[in-house]
1. What do you reckon, is A83 at pLDDT below 95, among the small types (G, A, S) and open to solvent by less than 30 Å² (accessible area, probe 1.4 Å)?
2. Would you mind stating whether R127 is open to solvent by 50 Å² or more (accessible area, probe 1.4 Å), out of contact with any Asp or Glu (no Cβ under 9 Å at 6 or more places or on another chain) and in contact (Cβ under 8 Å) with a residue 12 or more places away in the chain?
3. Would you mention how many residues in region 64-93 are part of a helix (DSSP H, G or I) and within 20 Å of Y52 (Cα to Cα)?
4. Within region 1-40, track down each residue that is assigned to a loop (DSSP other than H, G, I, E, B) and of a type in the set (K, R).
5. (1) among the hydrophobic types (A, V, I, L, M, F, W, C); (2) open to solvent by 30 Å² or more (accessible area, probe 1.4 Å); (3) closer than 30 Å to L156 by Cα: which one isn't true of A112, the others all being true?
6. Would region 29-52 turn up any residue that is over 17 Å from L144 (Cα atoms), out of contact with any Ser or Thr (no Cβ under 9 Å at 6 or more places or on another chain) and open to solvent by 90 Å² or more (accessible area, probe 1.4 Å)?
7. Enumerate the pairs (first residue in region 84-110 and closer than 11 Å to V64 by Cα; second residue anywhere and open to solvent by 70 Å² or more (accessible area, probe 1.4 Å)) with beta-carbon separation below 8 Å, excluding pairs fewer than 6 apart on the same chain, so at least 6 apart or on different chains.
8. Among the candidates G56, G104, single out the residue that is modelled with pLDDT of 95 or more, open to solvent by 50 Å² or more (accessible area, probe 1.4 Å) and at positive phi.
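The values are calculated or read from the model by the stated rules, or taken from the named source; none is laboratory data. Just so you know, these numbers come straight off a predicted model, no measurement behind them. Please note: Cβ atoms are built from the backbone with ideal geometry, for glycine as well, and neighbour counts cover all protein chains shown. Remember, those area values only see protein heavy atoms, side chains included, never the ligands or the DNA or RNA. Shrake-Rupley method; radii C 1.70, N 1.55, O 1.52, S 1.80 Å.
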Amino acid sequence: MADDGVPGPDRIDLLRSAWERERPDLDVSPQGVVTRLHRVANHLTDRLVEVYRRHGLGEGDFDVLATLRRGGAPFERSAGDLAEHTLVTTGGMTKRIDRLERAGLVERRRDAHDGRGRVVALTARGREVIDAAYTEHIANEHRLVAMIGDERAGQLEQILRVWLAALEEPPAHD
């Protein structure tokens, strides 16, 4: 590693060199960013999912429980609202809710504000599980971000914010 904390050549440099040799007509420089970001995302996902598994959850299960929990009391939302906040189809959401309901982590019940509607609510056990999982999740994220240091993490957050804004519509609400 160099004095500036930047490692030397990596697999992506080798990949780019091979493409530059084989296709000198193409500017393959974006691979330095996109391929590294993709590989980092895969590594991060693996490390995040390890935490979820320790709590008996898959990535989608964690997402549903976290969405319910962060909404505050009474920790409930409609299935459609959950699908919107987790970027999952309503069919996919139904499967997740069914699985979480079988595990005793959520329950379906009538909407107190609309007797015809139904909501998905955290059970007491679901709240215990997501609180424990989220506590470990945040500690894990701190460990992962610490790998690059506070200053670089702040810079990277701003860069990713700009990039994400160029790729996504801003949220209407949480």
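1. Working: at pLDDT below 95: yes; among the small types (G, A, S): yes; open to solvent by less than 30 Å² (accessible area, probe 1.4 Å): yes.
Yes; evaluated as a whole, the condition is true for this residue.
2. Values: open to solvent by 50 Å² or more (accessible area, probe 1.4 Å): yes; out of contact with any Asp or Glu (no Cβ under 9 Å at 6 or more places or on another chain): yes; in contact (Cβ under 8 Å) with a residue 12 or more places away in the chain: yes.
Considered against the rule, which asks whether it is open to solvent by 50 Å² or more (accessible area, probe 1.4 Å), out of contact with any Asp or Glu (no Cβ under 9 Å at 6 or more places or on another chain) and in contact (Cβ under 8 Å) with a residue 12 or more places away in the chain, R127 comes out as yes.
3. First, pick out the residues of region 64-93 that are part of a helix (DSSP H, G or I): 64-70, 79-86, 90-93.
Then drop every residue that is not within 20 Å of Y52 (Cα to Cα), which leaves 64-70, 82-83, 85-86, 92-93.
Result for region 64-93: 13.
4. Passing the criteria: only R23.
5. Of (1) among the hydrophobic types (A, V, I, L, M, F, W, C); (2) open to solvent by 30 Å² or more (accessible area, probe 1.4 Å); (3) closer than 30 Å to L156 by Cα, only one is false for A112: (3).
6. Taking every residue of region 29-52 in turn, none turns out to be over 17 Å from L144 (Cα atoms), out of contact with any Ser or Thr (no Cβ under 9 Å at 6 or more places or on another chain) and open to solvent by 90 Å² or more (accessible area, probe 1.4 Å).
7. Partner pairs satisfying both residue conditions: H85/D174; I97/R108; L105/R125.
8. On the way: G104 fails: open to solvent by 50 Å² or more (accessible area, probe 1.4 Å).
The conditions single out G56.
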